[in-house]
Every structure is written in structure tokens, then in C-alpha cells.
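The values are calculated or read from the model by the stated rules, or taken from the named source; none is laboratory data. Remember, it's a predicted structure, so these values are computed and weren't measured experimentally. Cβ sites come from the backbone with ideal geometry, for glycine too, and all protein chains shown count toward neighbours.
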Amino acid sequence: MKTYKFPVGEMPAIGLGTWKMENGTATDAVKTALESGYRHIDCAPIYLNEADVGAAFESVFQQGNIKRSDVWVTSKLWCNRHRPDLVKEALEATLADLKLDYLDLFMIHWPIVFRADVHRPEKPEDFISLEQMPIIDTWRALEICVDAGLCRNIGVCNFSVKKLKSLLPECRIKPSANQVECHPFLPQTELLEFCKGEGIQLVSYSPLGSGDRPERMRGETDPNLFEHAVILDIAKRRKISAGQVMLAWAVSRESAAIPKSSNPKRMVENLLANAIELTSLEMKALNSIEILHRYVHGRFWEMPGAPYTVANLWDE
């Protein structure tokens, strides 16, 4: 398994995403993944399943064949816990649910802030602007969590180049990762190159296009990665799946990828993509796809009178 070096530890290039694993399905899925060879599990409290993931960790680690130190575990800080005095408490709650003593990576989930009593915003007053609650104040609280041994590395999610450039000069501990949507329809080339230059590992979420994303993220004309001719042509010639083409593309660009699957056969298929080496011509063809589409578009944060828009979220 290809891995990427962090300040502390190494992240496997392909992990299991747990977003949308509902109604207790995360326990069996994570157990199956670990037993199938996965050593990277991506979590978040907003997924509402960290206790289920924790049950899987407890069961697998107690068996003794796989140790805690063998597995890279990521989780995130939700938007209503950006206030510096709430960060450590939020991390401790996540650790309690996951039944762990530390995280390998703790990340700011979105550069967006809610009031502490708001789980999901319903009105403009539920938001707090970044002028009122600067990211650097939250970041310094994450740095303290590293000092306390509660997490070994810290990072961000959904950050643009502009937001990273604003944060980096103020950091005592640099972000070691930036998790963003990334796939052949949204290659994030400028962001990837900036992150490489700064020693920040890019982690790709929805690397297969998140076909089971919630309705609020769907559009009537959304393109389908699994129907694109370039991807299908490579898959056919290689006798591999379209999903493996996309994951091999991600790893070939030196990004990590966290596809979500509860299907044991698909899990193994996704993990095997780590060993597929695409040719320079195949990479060129994939990089030349001219469709640009963001599935997790961010419009769900927009409402009249609120401080966040798609424009100031992505800085595009």
C-alpha cells in the first residue's frame, strides 16, 4: 500500500470514507474494510455514526490481529465547535465515540461557522462570519490538541488556495492535509500543486462522484463520471473498473482518496486500485477531460442575509 509521510506517521493512499453510512451500517462496513486490508478510515461527527465506527474499532482491536497503531484514523471539527474553548471538548467527544485515545489527523471540516447551539443552520442568524470567528483562532485551539497528545496531525477541509495562504503565515503548526472534493471532473490542479509546494497532503473526498449524495446536492443535469468515454475506454482496455481508473488517477497524482463503500467486493476492488499504474498517455487523457463539475457544490450554505456564498466559500 502506498503511503504519504506526515509530521507524525504515514497515511495510506486509499482509505474508507464513512459519510452516508447510516442506521448502524458503519460498524460492519468498517470491520469488513479493516479485515480486507484497509488501514485508513475517515470519520466525522456530522456523519452521525462515529459510535458505530468506534464499535468496529473496539471489536477489531480486541481480536489482536490489527493494532490501533496499524490504522490511520481521521476525524473532523464540526462548524458549531469553532469557538476555541469548544474545540478540545469536541475532539474528546469524538475520541469517546470512536473508543480511541488519539486521532492520527484532526481537521476543520468547513471554513464556515455556526452558533454553538446550531447543528444545521436554518436561518441567517445561525451563522457566524469568519470576521467574527477567525479561522486562526480555531486553528490555535487545534494546535493545543496536538500539544495535549489528543491528535498527531491537524489539517483542514474545503480550503481554497486563498484561504490556505491566509492561514499559513499565522500557524505554529502547519496544516498537514487539505481534504477537498477531487475527481476527473474537478481535478483541483492549482490547489494540488500549491499543496505539494507547501508540504500539505491533498485528500480527495467523493473521488468517484458521490453517486449516493443527498438530494440537496443533486442537480437535474449533473454529469456522471461512470459514463464518460475516456474513463470507460481506459477501464475496458485495462480490464479494470471505471472506479479503479478514477482511484488510480488520484493516487498517480500523489493525492489520497477516501471512497465510501459498504459492499465487500467493491471495497477490495477500490483498495486494489492502489497498485494500478496508469501510463502517461492515460493520465494525459484523464487530465484533458473538459467537464468541470462540483457535486458537493456548497449552495446548501447560502441563504439571504447569511455571510457565506459559493463565491466566498470556494474563492473561484
Practice task
Would you check if Ile135 is more than 23 Å from the chain's Cα centre (by Cα) and hydrophobic (A, V, I, L, M, F, W, C)?
Solution key: no
Handout entry: Residue check, Asn23 under 16 Å from the mean Cα position of the chain (by Cα) and of a type in the set (S, T, N, Q)
Key = no
Exercise for the section: Filter the stretch 2-26 down to residues that are β-branched (Val, Ile, Thr) and farther than 18 Å from Ile46 by Cβ, then give me how many there are. Expected result: 3
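Can you tell me how many residues in the stretch 43-101 are of a type in the set (Ser, Thr, Tyr), farther than 25 Å from Ile112 by Cβ and touching a helix residue (DSSP H, G or I) at 6+ places or on another chain (Cβ under 7 Å)? Give the derivation first.
Here is the first cut: in the stretch 43-101, the residues of a type in the set (Ser, Thr, Tyr) are 47, 59, 69, 74-75, 94.
Narrowing further to those that are farther than 25 Å from Ile112 by Cβ: 59, 69.
Narrowing further to those that are touching a helix residue (DSSP H, G or I) at 6+ places or on another chain (Cβ under 7 Å): 59.
Residues that pass the stated criteria total 1.
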Completion exercise
The residue that is nearest to Glu190 (Cα to Cα), considering only those in the stretch 207-259 that are surrounded by 19 or more Cβ atoms within 10 Å (Cβ to Cβ) and at pLDDT below 95, is Gly209
Problem - Glu290 vs. criteria acidic (Asp, Glu), farther than 21 Å from Asp222 by Cα and over 21 Å from the mean Cα position of the chain (by Cα) - result: no
Fill in the blank from the handout: Across (1) within 21 Å of the chain's Cα centre (by Cα); (2) farther than 20 Å from Met21 by Cβ, Asp117 clears everything bar (1)
Problem - Among residues of the stretch 220-231, those that are in contact (Cβ under 8 Å) with a residue 40 or more places away in the chain and either among the hydroxyl-bearing types (Ser, Thr, Tyr) or assigned to a loop (DSSP other than H, G, I, E, B) (or both), counted - result: 3
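For the subset of the stretch 262-293 comprising residues that are in a loop (DSSP other than H, G, I, E, B) and under 30 Å from Gly37 (Cα atoms), which member is modelled with the lowest pLDDT?
Of all residues in the stretch 262-293, those in a loop (DSSP other than H, G, I, E, B) come to 262-263, 276-279, 288-293.
From the residues that got through so far, the ones that are under 30 Å from Gly37 (Cα atoms) too are 262-263, 276-279.
On the way: Ser262: 90, Asn263: 93, Ile276: 97, Glu277: 96, Leu278: 97, Thr279: 97.
Ranking the candidates gives Ser262 first.
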Fill in the blank from the handout: Residues of the stretch 55-78 being basic (Lys, Arg) and in a helix (DSSP H, G or I), in sequence order, are Arg68
Completion exercise
Only one of (1) surrounded by fewer than 20 Cβ atoms within 10 Å (Cβ to Cβ); (2) over 24 Å from Thr3 (Cα atoms); (3) of a type in the set (Lys, Arg) does not apply to Arg68, and that is (2)
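For Phe127, are the conditions met, namely being more than 28 Å from Ala29 (Cβ to Cβ) and of a type in the set (Phe, Trp, Tyr)?
Values: more than 28 Å from Ala29 (Cβ to Cβ): yes; of a type in the set (Phe, Trp, Tyr): yes.
Here the answer is yes, as Phe127 does meet what is asked.
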Practice task
Return yes when Ile234 is of a type in the set (Val, Ile, Thr), in contact with a helix residue (DSSP H, G or I) (Cβ under 6 Å, 6 or more places away or on another chain) and either closer than 25 Å to Cys43 by Cβ or not in a loop (DSSP other than H, G, I, E, B) (or both) and no when it is not.
Solution key: yes
Exercise for the section: Starting from the stretch 246-265, take each residue that is without any contact (Cβ under 8 Å) to a residue 24 or more places away in the chain and list its partners that are buried (at least 24 other Cβ atoms within 10 Å of the Cβ) and not in a loop (DSSP other than H, G, I, E, B), counting only C-beta distances under 8 angstrom and pairs at least six apart or across chains. Expected result: none
Handout entry: Only listed residue being over 27 Å from Pro12 (Cβ atoms), among the small types (Gly, Ala, Ser) and more than 15 Å from the chain's Cα centre (by Cα), chosen from Ala235, Ala229
Key = Ala229
Exercise for the section: Can you work out which of the residues in the stretch 238-253 that are more than 14 Å from Ser204 (Cβ to Cβ) and not in a helix (DSSP H, G or I) is farthest from the chain's Cα centre (by Cα)? Expected result: Lys239
